[in-house]
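The values are calculated or read from the model by the stated rules, or taken from the named source; none is laboratory data. Bear in mind the structure is a predicted one, so any value in this text is a computation, not a measurement. All Cβ positions, even for glycine, are placed from backbone atoms using ideal geometry, and neighbour counts span all protein chains on display. Accessible surface is based on the protein model in full, side chains and every heavy atom, while ligands, DNA and RNA are left aside. Shrake-Rupley method; radii C 1.70, N 1.55, O 1.52, S 1.80 Å.
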Amino acid sequence: QVQLVESGGGLVQPGGSLRLSCAASGSIFTMNVMGWYRQAPGKQRRLVATISTSGITNYADSVKGRFTISRDNAINTVHLQMNSLVPEDTAVYYCRLIAGANYWGQGTQVTVSS
């Protein structure tokens, strides 16, 4: 059974920073992709960033230059460093693991507001 546990969400002022983390546990294929998606109220869940086991990254255009995704393969953990946050970044952020099957975390709320 694979589990994803997210942490690091919260309330931040515009221009501020937050760091999200997601730890995966269980039986996980060595080669996989981990990533972050977000869902704002009334909108569809959308890609934020992904990173493969080999370190290949992919970002949504809206976060390029502001967000950085990284991972520690030894402990199956992925991080999302979010800088220069704007109100439009407000959403529930979900961790995703693609490793044969598709797994999602429970989500963590990020609110950007003054």
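In the stretch 1-109, what chymotrypsin sites (Phe, Trp or Tyr not before Pro) fall in a loop by DSSP, with at most 10 other Cβ atoms inside 10 Å?
Within the stretch 1-109, no chymotrypsin sites (Phe, Trp or Tyr not before Pro) qualify (loop, at most 10 other Cβ atoms within 10 Å).
Ignoring ligands, DNA and RNA, how do Ile51, Ile75 rank by accessible area with a 1.4 Å probe, largest first?
Ile75, Ile51
Going by accessible area, probe 1.4 Å, with all protein chains left in place, what is the ranking of Leu18, Leu11, Leu47, largest first?
Putting Leu18, Leu11, Leu47 in descending order of accessible area: Leu11, Leu47, Leu18.
Could you tell me which residue out of Gln1, Asn73, Val12 lies farthest along the dipole of the stretch 1-82 toward its positive end? Charges go on the beta carbon: Lys and Arg +1, Asp and Glu -1, centred on the Cα centre.
Among Gln1, Asn73, Val12, the one farthest towards the positive end of the dipole of the stretch 1-82 is Val12.
With a sphere of radius 15 Å drawn around the Cβ of Leu85, what net charge do the other residues whose Cβ falls strictly inside it have (Lys, Arg +1; Asp, Glu -1)? Let's see the in-between values first.
Working: positive: Arg19, Arg38, Lys64, Arg66; negative: Glu88, Asp89.
Summing Lys/Arg as +1 and Asp/Glu as -1 gives +2.
Enumerate by residue number the trypsin sites (Lys or Arg not before Pro) in the stretch 1-81 meeting two conditions: DSSP loop (anything except H, G, I, E, B), and at most 11 other Cβ atoms within 10 Å of the site's Cβ.
Answer in residue order: Lys43, Lys64.
Just to check, using Stokes-Einstein with a Kirkwood Rh over alpha carbon pairs, what's the diffusion coefficient of the chain at 37 °C and 0.692 mPa s in µm²/s?
Using the Kirkwood radius from Cα pairs, D works out to 234 µm²/s.
For the chain, what is the accessible area per residue in Å², given a 1.4 Å probe and the full set of protein chains?
Per-residue accessible area for the chain comes out at 53 Å².
Which residues' amide hydrogens lie under 5 Å from the amide hydrogen of Gly16, considering only partners 5 or more residues apart or on another chain, with H built in the peptide plane?
HN-HN under 5 Å from Gly16: Leu85.
For Asp72 and Gln39, compute 0.36 nm times the residue count separating them, minus their Cα-Cα distance, and round to one decimal in nm.
9.4 nm
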